[in-house]
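To start, the structure itself, in structure tokens.
The values are calculated or read from the model by the stated rules, or taken from the named source; none is laboratory data. Keep in mind the model is a prediction, meaning the values are calculated, not measured. Every residue, glycine among them, receives a Cβ derived from its backbone with ideal geometry; neighbour counts consider all protein chains shown. Side chains are part of the model used for accessible areas, which takes the heavy atoms of the whole protein and leaves out ligands, DNA and RNA. Shrake-Rupley method; radii C 1.70, N 1.55, O 1.52, S 1.80 Å.
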Amino acid sequence: MAESTAPAEVQSRARYLLDGRRVTVADLLGSGLLKEGEPLRFVRPRVGESHEATVTPRGWIRLSDGEEFRSPSKAAMVAVGNGTFDGWEAWQVDDGRYLTQLRQELLDRAAEEADSTAPEKEQQHTSLSPRDRHARLKEARESAEAGRPLSLSVQELLTWWGATGRGAVNDQIQAELANHSLITSPEFDKVSLTAAVQLVKAAEEQTEDMPLAGLPVTATAPPGVSEELDSRETGLTVGTLPSALAGIVSVKPTATFEEVITLMVLHDFSQLPVLAGPHNLRGSVSWKSIARARHADPGAHLSQAIVDARDVRYDHDLIDVLPTLAEHDFILVRDQHNAIAGIVTAADVAQAYGELAGHFLLIGEMDRRLRQVIAGAFTLPEVASMCDPAGERISSFGDMTVGDYQRVLENPGLWEQLGWPLDRRVFIARLEEIRRIRNNVMHFNSSDPLPKADVDKIRHLNKLLREYGE
């Protein structure tokens, strides 16, 4: 009996490892790549240190003083006493292989065991099968190790997981990147969809004895660093605005008024940053500062028109810079290398929040019209008995959720009672799609604008509800 179910179990395990789950030391133990009690070493030749550990029966790492850790990185940090380390790149087994090499071997095995064709329902949500995505990530790591990191837009990266925007898929991307010791630079969830990111090795962001300065513990932190932390929901950051990292037109401190004015007129700018190099911000000039300088001194030089300019990193929360934008009308944005890489104006922010508000209005109309349809066709007891049999949640139609609307309308008897000359299954399938879209927006799971296709789905449903629900 066991023999007949083994292939299914192997397939399930393979897909589990490849499809959005962080590999653990316990996985290596369970697969036979590590053994209970196997010794591990963390050698640091530059400082003349060597730290010893063993693998416990539950797949944790036990240091020589008896402390146990699930995370290899936490174990390495405690063993050394300071600093931050990628434990998968630190701990070795007796034959000299690192844990990261054993992890790669486990993932390779899973890829061989996995069926090359994903099930039909899965193909609807992913453009690459888990096995193909594993191969793509493995190639990306090899390129990163060779000093030729793969560069692609955030949107292109998302298509590997069949996504059009960020949100619930972030956790899966985070885990699979971590399994290959990869991070994105800059972080893929902190910039716009059109921004370019590179897939680089986590080790390139640190040295053996250097903490991860400037690298927040986020989705793209090195594997192990965030293994024991909850993932963060993605919010609007400065970098998610398209202009934030889109490049900058600037002048040097030695520029003339004529040069500045010509550039501002040609580009229809209200201000220009003054840079003495990509990282050295001296301030900015604007029509207002030029007018004031020349009014005070008709023979003024550009230096007399330079005023202070505010700058922030691209991964700064957008909501925190709103007061600065209200006062100064613009902020300059630094990229992951601390270079001035773009500018964000009050108009850019107004557009971003305007798009978000538009999505809420569309979803609000859909909720209202579905509720009106339900309330107009059925009694509250009919609805409550189906959606809230315990009588703990629904005391009026206003207490219903989109899931409740769906449960009512997918009931064949109630659908027939509604009397719409429409196909129930097709309607419910579309409502389920929109429920997922709605939840992503209402729970702020994504910083990205809704794709036009998703907006159109909501608009078309609202149009249908107007025609049949009145």
- prompt: Residues in region 288-319 that are open to solvent by 50 Å² or more (accessible area, probe 1.4 Å), acidic (Asp, Glu) and not in a strand (DSSP E or B): how many?
  reply: 2
query: How do the pairs read when you match residues in region 253-268 that are among the small types (Gly, Ala, Ser) with residues anywhere that are open to solvent by 90 Å² or more (accessible area, probe 1.4 Å), using Cβ under 6 Å and keeping only pairs 6 or more apart or on different chains?
result: none
- prompt: Quick one: how many residues across region 232-281 are of a type in the set (A, V, I, L, M, F, W, C) and open to solvent by 20 Å² or more (accessible area, probe 1.4 Å)?
  reply: 12
Members of region 39-77 that are open to solvent by 40 Å² or more (accessible area, probe 1.4 Å), under 23 Å from Asn179 (Cβ atoms) and either in contact with a helix residue (DSSP H, G or I) (Cβ under 7 Å, 6 or more places away or on another chain) or not in a strand (DSSP E or B) (or both): Arg58, Trp60, Arg70, Lys74, Met77
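When only residues in region 1-29 that are modelled with pLDDT of 90 or more and more than 26 Å from the chain's Cα centre (by Cα) count, which is least open to solvent (accessible area, probe 1.4 Å)? Even if it seems obvious, please write down each step before you answer.
The initial filter retains those residues of region 1-29 that are modelled with pLDDT of 90 or more, namely 23-29.
Going one step further and asking which of them are more than 26 Å from the chain's Cα centre (by Cα), we end up with 26, 28-29.
Values: Ala26: 43, Leu28: 0, Leu29: 35 Å².
Per the stated criteria, the residue is Leu28.
Within region 78-94, take every residue that is assigned to a helix (DSSP H, G or I) and β-branched (Val, Ile, Thr) and give me the one that is surrounded by the fewest Cβ atoms within 10 Å (Cβ to Cβ).
Val78
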message: Given the criteria open to solvent by 50 Å² or more (accessible area, probe 1.4 Å) and farther than 30 Å from Val238 by Cα, does Lys463 qualify?
response: yes
